[in-house]
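Encoded as structure tokens, the structure appears first; notes follow it.
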Amino acid sequence: MKVFLIGYMGVGKSTIGKRLASSLGIPFVDLDREIEKMEGISISEIFVEKGEAYFREKETQALLEMVRSSRNAVISTGGGTPCHADNMEMMLKSGVVVWLQLPAAVIAQRLEKSQSERPLIAGLLPDALTDFIKNHLESRLPFYQRAHIAIDTRDINAEKLKALTDMVLAQGESKP
Ligand code: S3P
């Protein structure tokens, strides 16, 4: 089974992805790290040196490789992955898609510390950061809302992780 984690930057896709993967007993893969391996430079460097359009091409290519592989995995995607090309359709067809959710204000607080590693928000001052995230998140909702499962990622304790694992397994049963 493949499980795709989608959601805005800073919602905890990697952290929760690792915990979910271990709960399901399958490997964890971070799509951004796969792109960095393919390109030999960081995501920020890709944006600066080659531009966002180039990054989106590589992102779709890396996702396609995951979809085509026979490996089971929990795959953490980038915040923009479901919103470009046919990526969301591809994920919905080939696995279980889980949307990790947080309110914009909480995301803004969390991202203040790691802004510099994220090219789309690097350099924005706190007020501008919150406004940007509110609008940007809103524009992405139509994509995120198509996920099979949605979950708020505040305080994911052992009980909530178990409930998520069970929901994923139930959804996975209806997959080919
Ligand atoms: C992006 C999110 C980032 C990374 C890139 C673009 C986005 O991943 O893919 O900087 O468009 O939201 P995270 O969501 O893991 O930060």
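Laboratory data are not the source of any read-out in this text; all were calculated from the coordinates shown. Bear in mind that the values here come from a model prediction, so they are computed numbers and not experimental data. Reconstructed Cβ throughout: ideal geometry from the backbone, glycine too, with neighbour counts over all protein chains shown.
Of all aspartates and glutamates in the structure, the ones whose alpha carbon falls short of 18 Å from that of residue 50, not counting any fewer than 8 places away in one chain, are 32, 34, 36, 39, 59, 117.
Our Cα-only numbers for the chain put the radius of gyration and Dmax at 15.6, 47 Å. Here's the list of lysines a cross-link from residue 162 could span, going by alpha-carbon distance under 23 Å and ignoring same-chain residues fewer than 8 apart: 2, 13, 18, 175. Would you please classify the overall shape of the stretch 21-123 from the alpha carbon gyration tensor, given that a ≥ b ≥ c denote the square roots of the eigenvalues, rounded means a/c under 1.5, and beyond that prolate means a/b larger than b/c while oblate covers the rest? Since a/c reaches 1.5 but b/c is at least a/b, the shape of the stretch 21-123 is classed as oblate. Charge tally for residue 79 (other residues, Cβ to Cβ under 13 Å; Lys, Arg +1; Asp, Glu -1): 0.
Of 80, 17, 25, the residue with the greatest mean-square motion in the GNM of the chain, using alpha carbon springs below 10 Å, is 25. Modelled this way, with points 7 Å down the Cα-to-C-beta line, the labels at residue 44 and residue 141 are 3.2 nm from one another. Amide H contacts of residue 150: 99, each under 5 Å away and 5 or more positions distant or on a separate chain (H built 1.01 Å from N in the peptide plane; Pro and chain starts excluded).
When the Gaussian network model of the chain links Cα atoms closer than 10 Å, the mean-square fluctuations of 27, 126, 103 top out at 126.
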